[in-house]
Amino acid sequence: MDNCIFCKIAKREIPAKIVYEDDFAIAFLDISPCAEGHTVVIPKQHFEKFTDMEEKDAGNLFASVQKVAKAVEIAMDAPGSNIGLNNGKAAGQEVPHVHVHIIPRYEGDNGGAIQSIVKTYPKTDNLEELKEKIRESLR
Ligand code: AMP
Ligand code: ZN
């Protein structure tokens with residue numbers, strides 16, 4: 001996509017601190033890291049949302065993510081990491097090209113778990129209904 005900053009990084013049209021590349025994906029350091037070593041992994045092809053991707057492409061992306069996450073944890077001497085993506089504007093996605101964040105984590109670093117991103121305290125007496133609704137929506 002012409003005006004996409006991450007497409008431009010993938011095509012080497014703008015600089016980035018690239019840590020990994022394969023046929024399908026490329027990984028580079030986040031320019032505004034929330035922890036030292038914060039890395040993003042993107043598919044080279046432009047997809048706006050993770051849920052826009054074909055199953056095969058999503059699988060390829062996550063194979064690369066796992067490889068990079070292992071390297072980030074080793075390089076940063078981090079015993080853990082948060083690995084995730086903001087899927088869509090409502091979820092905090094600012095760059096409209098799929099990217100998976102890898103954020104090194106340490107005991108006592110004052111960060112939270114993924115479940116701390118949002119807390120709307122929904123009711124739980126409708127889990128059976130929700131289960132059915134989601135099952136019926138599988139494509
Ligand atoms: P998101 O909110 O998931 O869309 O996050 C986009 C991420 O991309 C942010 O963490 C930004 O700091 C990062 N980012 C934006 N532009 C660049 C860039 N040119 N090089 C590296 N990281 C970038
Ligand atoms: Zn793009």
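The values are calculated or read from the model by the stated rules, or taken from the named source; none is laboratory data. Please read these numbers as outputs of a predicted model, since none were measured by experiment. Heads up, the Cβs are rebuilt from the backbone with ideal geometry, glycines too, and the neighbour counts pull from every protein chain shown.
Annotations
- Residue that is within 14 Å of the chain's Cα centre (by Cα) and more than 11 Å from ligand 1 (Cβ to nearest atom), where the choices are Val40, Val65: Val65
- Of the numbered criteria (1) closer than 21 Å to Ile117 by Cβ; (2) away from ligand 2 (no atom under 13 Å from the Cβ), the one His99 fails is (2).
- Of all residue pairs spaced 6 or more apart or on separate chains, none has beta-carbon atoms under 7 Å together with a first member in region 76-103 that is free of Cβ contacts under 8 Å to residues at least 24 places away in the same chain and a second member that is assigned to a helix (DSSP H, G or I) and within 16 Å of ligand 2 (Cβ to nearest atom).
- Selection over region 122-139 of residues that are among the acidic types (Asp, Glu) and either surrounded by 10 or more Cβ atoms within 10 Å (Cβ to Cβ) or in a loop (DSSP other than H, G, I, E, B) (or both) gives a count of 2.
- Selection status of Val72, of a type in the set (A, V, I, L, M), in a helix (DSSP H, G or I) and in contact with a His (Cβ under 9 Å, 6 or more places away or on another chain): yes
- Test for Asp57: is it more than 16 Å from ligand 1 (Cβ to nearest atom) and in a loop (DSSP other than H, G, I, E, B): no
- Meets criteria (small (Gly, Ala, Ser) and not in a helix (DSSP H, G or I)) for Ala78: yes
- Of the residues making up region 68-89, those that are more than 22 Å from Asn3 (Cβ to Cβ), among the hydrophobic types (A, V, I, L, M, F, W, C) and under 15 Å from the mean Cα position of the chain (by Cα) are Val68, Ala69, Val72, Ile83.
- Condition met for Gln66 (more than 16 Å from ligand 2 (Cβ to nearest atom) and either in contact with a helix residue (DSSP H, G or I) (Cβ under 6 Å, 6 or more places away or on another chain) or at pLDDT 95 or above (or both)): yes
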